């Protein structure tokens with residue numbers, strides 16, 4: 001199946017979870033936030049949150065910033 | 001003046017910090033340099049921004065790995081937001097990723113001046129306070145707006161000294177003083193600092209703290225400037241607490257002048 005990850009199409013195995021997506025990105029242990037179709041997927045629910053064809057997923061990380 | 005400070009400590013929302021300097025994490029030549037600057041500055045609060053990384057390049061590095069969390073409290077900001085809704089979204093994402101309720105709220109109204117949009121900032125502040133966030137809003141040096149933010153439950157107010165990244169220092173010490181005198185929450189001067197004397201001046205006006213980034217990150221010797229900023233904030237605070245002499249338009253000798261000329 002295909003999802004839109006950070007604005008770009010990405011192929012994933014059928015029924016992949018958000019946790020599996022993060023693992024495939026090498027971000028499993030990182031402090032990231034995940035939004036699916038504009039709703040936050042809480043950390044505790046990532047293993048159970050299954051992705052569907054066409055889901056819009058945003059994985060957000062922390063960058064340098066300030067003034 | 002605020003009730004927030006005692007014993008020289010900066011207190012925001014019940015949390016105490018021994019440094020009154022807050023520092024950014026952007027625009028450094030490298031994470032190593034940023035870390036050296038953080039150390040040299042003595043700052044205990046650092047701002048970070050949540051954003052979209054290019055994931056096609058692999059997981060990459062994260063700024064969080066280069067911040068000494070044993071000493072530094074993270075203050076995620078809502079950089080990039082131009083509406084209250086965007087700022088609220090970024091704050092929620094930051095809370096989810098970092099597990100902190102603290103947020104530096106910034107909602108800008110104009111891309112050239114990066115001037116705060118105070119109407120959107122007030123609206124976002126109200127929502128975020130209701131959702132349990134500890135909100136530190138970036139705002140103009142406008143007393144009425146600062147008091148409105150305080151009324152909405154802001155944990156501190158962060159008026160600008162001058163435009164973000166401008167290095168123009170504190171352009172209106174009078175209006176900043178009005179905010180400092182009227183505020184019940186801590187006042188952190190945020191934006192515009194260009195050199196150490198700007199930070200010292202803000203503190204001499206009675207500010208509770210100073211937040212800066214570009215002045216250190218983009219100068220010729222960032223580590224040295226970081227140390228200078230840490231010293232300036234302390235010097236300015238001590239100077240403020242010492243109660244300066246009154247300004248006069250006539251001279252008063254400091255050494256005895258009588259009886260020597262006979």
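Coordinate-derived values only; no laboratory data. Just so it is clear, the structure is predicted and the values come from calculations on it, not from any experiment. Backbone-built Cβ (ideal geometry, glycine too); neighbour counts: all protein chains shown.
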Cα-based Rg of the range B:36-104 per 2.2 N^0.38 Å, rounded to two decimals? 1.20
Quick P(r) readout (chain A; Cα-Cα; 10 Å bins; whole %) gives 21, 58, 17, 4, 0
Expected sort for B:221, A:55 with the fewest Cβ neighbours (10 Å cutoff) up front is B:221, A:55
Can you give the extra length, in nm with one decimal, that the chain gains between residue B:73 and residue B:249 once fully stretched, where that is 0.36 nm per residue apart less the Cα-Cα distance? 58.8 nm
At a 10 Å Cβ-Cβ cut-off, how would you order B:33, B:106, fewest neighbours first? B:33, B:106
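Please average, across the residues of A:27-34, the number of beta carbons from any other chain that are within 10 Å of each residue's own beta carbon, and give a whole number.
Details: counts 6, 1, 0, 6, 11, 9, 9, 3.
Partner-chain Cβ atoms within 10 Å, mean over residues of A:27-34: 6.
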Part-to-part distance (alpha-carbon centres) for the range B:148-209 and the range B:120-143, which is given in Å: 16
Given R₀ = 45 Å, what would the calculated FRET efficiency be for residue B:16 paired with residue A:39, taking r from the Cβ atoms and rounding to 0.05? 0.80
Distance histogram for chain B (every C-alpha pair counted, 10 angstrom bins, percent rounded to whole numbers): 7, 30, 36, 17, 5, 3, 1, 1, 0
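Fewest to most neighbouring Cβ within 10 Å: what's the order for B:104, A:8?
Values: B:104 29, A:8 10.
Ascending Cβ contact count within 10 Å gives the list A:8, B:104.
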Run the Debye formula on the Cα coordinates of the protein assembly as shown, all scatterers equal and no solvent, and tell me log10 I(q)/I(0) at q = 0.08, 0.12 1/Å. -0.41, -0.82
Shielding by partners, peptide B:96-106 (average Cβ within 10 angstrom, other chains): 3
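Please compute the alpha carbon radius of gyration of the range B:154-262, then divide it by the globular-protein estimate 2.2 N^0.38 Å. Two decimals is fine. Write down the numbers at each step before the final one.
Values: Rg = 17.5 Å, N = 109, 2.2 N^0.38 = 13.1 Å.
It is 1.33.
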